[in-house]
Amino acid sequence: MKDVIAQLSQAMGNDLSAGQICLNFAVALILGLVIYISYRFSHSGAVYSARFNVSLLMLTLITTLIMNVIGNNIALSLGMVGALSIVRFRTAIKDPRDSTYIFWCIAVGISCGVSYYLLAAIGTGIIFLVMLLLGTIRSNDRYLLIIHAAAQATPKVEETVLIQYESQALLRVKNQGPEDVEYIYELSREMLERAKQRNQDINSLLFSIPGITHVDLVCQSEEMSR
């Protein structure tokens with residue numbers, strides 16, 4: 001039985017020539033550079049990671065290498081799946097779109113590894129245009145205004161926030177103590193922009209109130225910024 005499986009595996013395996021291997025890697029490199037450019041210009045996060053972008057290019061080439069090794073060999077494909085299944089990746093993906101780029105690189109690498117150049121090129125071109133068009137869309141960020149103040153400043157703080165944001169700020173948390181109080185208001189990007197157009201700084205208004213100790217503005221999105 002083992003001999004039969006070995007003979008079938010050898011029969012289904014195909015040896016690639018050096019020219020074919022070089023062509024597979026050349027096409028993968030060109031399409032990987034397209035992915036690199038797409039990620040560079042469509043990225044809209046707080047921090048652009050050039051190292052992650054380079055890893056996308058390397059992932060395309062590595063996937064091409066794996067496909068060149070596997071070919072149509074059943075034994076090699078099963079062995080490769082078993083070897084990769086024990087690898088555990090712990091790198092956190094902050095932007096959900098990063099996972100789509102990873103799958104894009106893997107798909108291009110697989111296509112180039114089996115010499116489906118036309119499919120890889122057309123697919124990359126379509127995805128490239130879509131990512132450039134949709135890459136400018138901003139996420140619906142939430143802004144949290146966190147205020148720490150003395151208890152006697154409570155009425156003035158509530159009145160200031162009410163006037164500043166035209167009664168649209170949502171009070172999410174109010175922690176009241178015997179001597180101090182903490183407010184957490186939820187704001188939208190539009191509310192902040194309207195207040196900025198009126199040249200009204202919430203920090204200046206709040207710190208003019210006696211008893212204010214801290215004022216923090218936190219953006220809640222895929223990446224926390226403060």
Open item on the list: Looking only at residues that are surrounded by fewer than 16 Cβ atoms within 10 Å (Cβ to Cβ) and assigned to a helix (DSSP H, G or I) in region 193-226, which one is modelled with the highest pLDDT?
Closed with: F207
- [ ] Can you give me the ranges of the helices (runs of 4 or more DSSP H) entirely in region 70-149 with at least 3 residues that are modelled with pLDDT of 90 or more?
- [x] 96-113, 117-134
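The values are calculated or read from the model by the stated rules, or taken from the named source; none is laboratory data. As the structure is a computational prediction, the values presented were derived from the model and not from experiment. As a convention, Cβ positions derive from the backbone with ideal geometry for all residues, glycine included, and neighbour counts pool all protein chains shown.
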